[in-house]
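To start, the structure itself, in structure tokens.
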Amino acid sequence: MSPDINPLVLLFASIFTSNILLANFLGMCSFISISKDMDSANGLGMSVTAVLTITTAINWVVYKFILIPFGLLYLRFIIFIIIIAATVQVLEMVIDRFSPSLYMALGIFLPLITVNCAILGVALFMEIRGYSFIQSIVFAFGSGLGWWLAIVSLAAIQKKVLKAPVPEGLKGAGITLITIGFMAMAFIGFSGMLIVQ
Amino acid sequence: MEFLIAPIIVALLASLLALIISIVDKHVNNYGDVEININKGKKVINTKGGDKLLTTLSSEGIFIPSACGGRGSCGSCKCEVSTDIGPILPTERPYLSPEEMNKNTRLACQIKVKKNLDMYIPEELFNAKEFSGIVEEINDLTYDIKEVIVSIGDESIDFVSGRYIQLVVPPYGKIKEYTQRAYSISSKPSEKNKVAMLIRLIPDGIATTWVHNYMKVGEKLKLIGPFGEFQKSDCNSTMVCIAGGSGMAPFKSMFHDMLEKGEIDREVWYFFGARTIKDLFLLKEFQEIEKKWPNFHFIPALSNCSPDDDWDGEKGLITDVLDKYLKTEIDSSKHREGFLCGSPGMIGACNNILNHNGIRDIFYDNFS
Ligand code: FES
């Protein structure tokens, strides 16, 4: 049974109150390593959103029509991963062919996303929470936007931090992690507004 | 029979996905026939589009240096592409200087061939070939440097001493892919059927670990080359050569070549820097050269010499030794040129010393 949540609420929740990155801490490694400049952060954010939405749709169909009927739920990790990897491959070729400019913007980030745990995380959440097809897609799209928002905000903050008088020992990863901690706390401020499980 | 359901479904799903990928690859990644025009018609290749430029060229027998094996991390596969093939990719930027970007220099391993291309590569790359070789000898020179001699059978290699060659390292142990690494050729150009290299073990280095721990005499391997621009000049200036560790290789080739060709009027100062006695090698060979070539001076120096060592040669950092000789022994009224081969740190330091002593023409072979 899918929970009775309005897709719009779900969209808002997945962007802000249950932000996949800052509330669930998924997809951290690329978030930290690619957030140094705005262009890359944008490219990666866009790619994560696209891949999340498409793979979640495919994963939902496979989950519903193959995994459940054949009682293969225990294989969901491996199957979701195979599907994500294959989708990223196909997507890369298609974008390269039909939209070279878009490929320029996200092409080199696509392969990185295959190993982004936010993508697998969303597929597993949709399964655990029993979302319907539409809900899953909205949730995935919202989570992508939320991830995008978070990485772009971090890139913007990092730009300022670069010019700030940071103590020697904290420069680089140290101050980035502290910044992310503050961002996460700021996002917790949203958490009373909507709780979606 | 139920236990078969899971494997069958996983296999079916995986095959379906593989099928989709190959269908998309076949149709979407099909850029039809393309023409690659190299050096204004010097060579025209007609081939299928869709692959990286580096692989397309190598499948047509044109080998562009690629020390990292096409991963976009060495910057050695540069070529000029005059056709508009889209903006420079983020993966290329770190390896291109602003001038190179203006000249349309690209990394061949990063760009895909999608349409007809006009491009330029240095003439000598037409000479580079792929050689099949057999390991003839592996000699321990020090505890961490080996000399590897590869016989290339009936094929013959043409090169100027100072060049390097790429060794194709097959998968072994945990390394699952072919890798390529560049090594200076230490044999003489007159030895046409073999290629020798000096290879120093780098902890956890993919290629050097293979050479030191896995390679066997009699083993088959592939070499691609020769590549590079490092070589002696044609004038008669004094050569001030400095090497560290396996940086000995191009000089070994150069000096034997000069000796063989009778170019012994030229004055050569060869400094070899090592830490301890254990790191020294081929001393006899260079002392022999010194005997036959009066203008050749070989100066090995140890930076970490202990008092019990049986060593009466130069002691101290190679930079200090070099400075001392430049100020006292090497005639500064004659034109002098510097030749350096070794680690980036050593090259940088020696470069400064040469500069301070008024030597401006400096050539180097960097191990970075
Ligand atoms: S082969 Fe190393 S950068 Fe292209």
With a cut-off of at most 15 other beta carbons within 10 Å, and DSSP calling the residue loop, which chymotrypsin sites (Phe, Trp or Tyr not before Pro) in region B:286-367 qualify? Please list them.
-> none
To the nearest 0.05, how large is the calculated FRET efficiency for residue B:324 and residue B:44 if R₀ is 35 Å and r is the Cβ-Cβ distance?
-> 0.05
Take peptide B:90-100, look around each residue's Cβ out to 10 angstrom, count Cβ atoms belonging to other protein chains, and average those counts.
-> 1
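Looking at the protein assembly as shown, what % of its DSSP beta bridges pair antiparallel, to the nearest 5? All intermediate terms of the calculation are to be shown ahead of the outcome.
On the way: 43 of 73 bridges.
Close to 60 percent.
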Pairwise label distance in nanometres, residue A:64 with residue B:292, each label 7 Å out on the Cα-Cβ vector | 8.3
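Could you tell me what % of all Cα pairs in the protein assembly as shown have separations over 29 Å?
Details: 105122 of 159330 pairs.
Summing the P(r) tail past 29 Å for the protein assembly as shown gives 66 percent.
Need one value for A:89-97: mean number of C-beta atoms belonging to other chains within 10 Å of its residues' C-beta atoms. It would help to have the intermediate numbers written out before the result.
Values: counts 6, 7, 1, 3, 7, 4, 1, 5, 8.
That average works out to 5.
Could you compute the net charge surrounding residue A:67? Neighbours are other residues with a C-beta less than 14 Å from the C-beta of residue A:67; K and R count +1, D and E count -1.
Values: positive: A:64, A:76; negative: A:127.
Result for the neighbourhood of residue A:67: +1.
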Quick one: putting +1 on the C-beta of Lys and Arg, -1 on the C-beta of Asp and Glu, what dipole do you get for region B:159-246 around its Cα centre, in Debye to the nearest 20?
-> 260
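What relative contact order, as a whole-number percentage, does chain A give when Cα pairs under 8 Å and 6 or more residues apart are counted? Could the numbers behind the result be given before it?
Details: 233 pairs, mean separation 88.8, N = 197.
So the answer I get is 45 percent.
How high is the relative contact order of chain B, given as a whole-number percent (alpha carbon pairs under 8 Å, six or more residues apart)?
Values: 696 pairs, mean separation 44.7, N = 368.
Once normalised by length, the contact order is 12 percent.
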Considering every residue in A:55-67, what mean count of other chain Cβ atoms within 10 Å of its Cβ is obtained?
-> 1
Cα lying deepest toward the dipole's positive end in region B:1-107, options B:8, B:28, B:65, charges on Cβ = B:65
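Can you list which of the DSSP-assigned H helices in chain B have a Cα extent of 30 Å or more along the long axis and an average Kyte-Doolittle score of at least 1.6? Show your work: numbers first, answer last.
Details: long enough: B:5-28 (33 Å, 2.17).
Flagged H segments are B:5-28.
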Tensor-based shape of chain A (alpha-carbon gyration tensor, a/c under 1.5 rounded, otherwise prolate or oblate) | oblate
Once the Cα gyration tensor of chain B is diagonalised, semi-axes √(5λ) in Å = 43, 26, 19
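Looking at the square roots a ≥ b ≥ c of the eigenvalues of the Cα gyration tensor of region A:1-86, which shape do they give, rounded for a/c under 1.5, prolate if a/b is larger than b/c, or oblate?
Details: a/c = 2.36, a/b = 1.48, b/c = 1.60.
Here region A:1-86 falls in the oblate category.
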The aspartates and glutamates whose Cα lies under 17 Å from the Cα of residue B:48, excluding any fewer than 8 residues away in the same chain, are A:96, B:25, B:33, B:35, B:60, B:118
Expressed in angstrom and rounded, the centroid-to-centroid distance over alpha carbons for region B:220-277 and region B:315-330 is 19
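Shape of region B:1-154 from its Cα gyration tensor (a ≥ b ≥ c, root eigenvalues): rounded if a/c is under 1.5, otherwise prolate when a/b > b/c, or oblate? Walk me through the numbers before you get to the answer.
Details: a/c = 1.97, a/b = 1.18, b/c = 1.66.
Judged from the Cα gyration tensor, region B:1-154 comes out oblate (a/c at least 1.5, b/c at or above a/b).
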Rounded to the nearest 20 debye, dipole of chain B from Cβ charges on Lys, Arg, Asp, Glu | 980
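Helix-only estimate, please: 222 nm mean residue ellipticity of chain B, summing -39500 (n - 2.57) across DSSP H runs of length 4 or more and dividing by its residues, to the nearest 500. Walk me through the numbers before you get to the answer.
Working: 8 runs with 87 residues, N = 368.
Counting only the DSSP helices, I get -7000 deg cm²/dmol.
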Measure nothing but the geometry: give the 0 to 90° angle between the long axis through the Cα atoms of A:76-98 and the longest principal axis through the Cα atoms of chain A, rounded to 10°.
-> 70
Any idea what angle helix A:117-128 forms with the longest principal axis of chain A, computed on alpha-carbon atoms, 0 to 90 degrees, nearest 10?
-> 40
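Given Cα positions, please report Rg to Rh for region B:228-342, the hydrodynamic radius being the Kirkwood one. Working shown, then result.
Numbers: Rg = 13.9 Å, Rh = 14.6 Å.
Using only Cα positions, Rg/Rh for region B:228-342 is 0.95.
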Relative contact order of region B:71-151, defined on C-alpha pairs under 8 angstrom at six or more residues apart (%) = 29
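Across chain A, how many lysine pairs, 8 or more apart or on two chains, come within less than 26 Å at their alpha-carbon atoms?
Details: A:36/A:159; A:36/A:160; A:36/A:163; A:36/A:171; A:159/A:171; A:160/A:171; A:163/A:171.
Close lysine pairs found across chain A: 7.
For the pairs B:129/B:278; B:146/B:176; B:52/B:216; B:252/B:278; B:103/B:188; B:42/B:222, note any where the Cα-Cα span goes beyond 30 Å. Before the final figure, lay out each step's value.
Numbers: B:129/B:278 37 Å; B:146/B:176 24 Å; B:52/B:216 33 Å; B:252/B:278 19 Å; B:103/B:188 36 Å; B:42/B:222 27 Å.
Cα-Cα > 30 Å for B:129/B:278; B:52/B:216; B:103/B:188; rest within.
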Determine the sum of side-chain charges near residue B:107: Lys and Arg each +1, Asp and Glu each -1, restricted to other residues whose C-beta is under 11 angstrom from that of residue B:107.
-> +3
Debye, to nearest 20: dipole size of chain A, +1 on Lys, Arg Cβ, -1 on Asp, Glu Cβ = 200
With the label point 7 Å along the Cα-to-beta-carbon line of residue A:73 and a cut-off under 14 Å to each amide N, the hits in region A:107-139 are A:124-131
Max mean-square fluctuation residue, GNM over chain B, Cα-Cα springs under 10 Å, options B:226, B:122, B:90 | B:90
Quick one: Cα centre-to-centre distance for region B:42-57 and region B:69-147, in angstrom?
-> 14
Select from B:16, B:57, B:326 the residue whose mean-square fluctuation is largest in a Gaussian network model of chain B (Cα-Cα springs shorter than 10 Å).
-> B:16
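All of the numbers you see were taken from the coordinates with simple rules; none came from a lab. What you are looking at is a predicted structure, and each value in this text was computed from that prediction instead of being measured. Methodologically, a virtual Cβ is constructed for each residue, glycine included, from the backbone with ideal geometry; neighbour enumeration extends over all protein chains shown.
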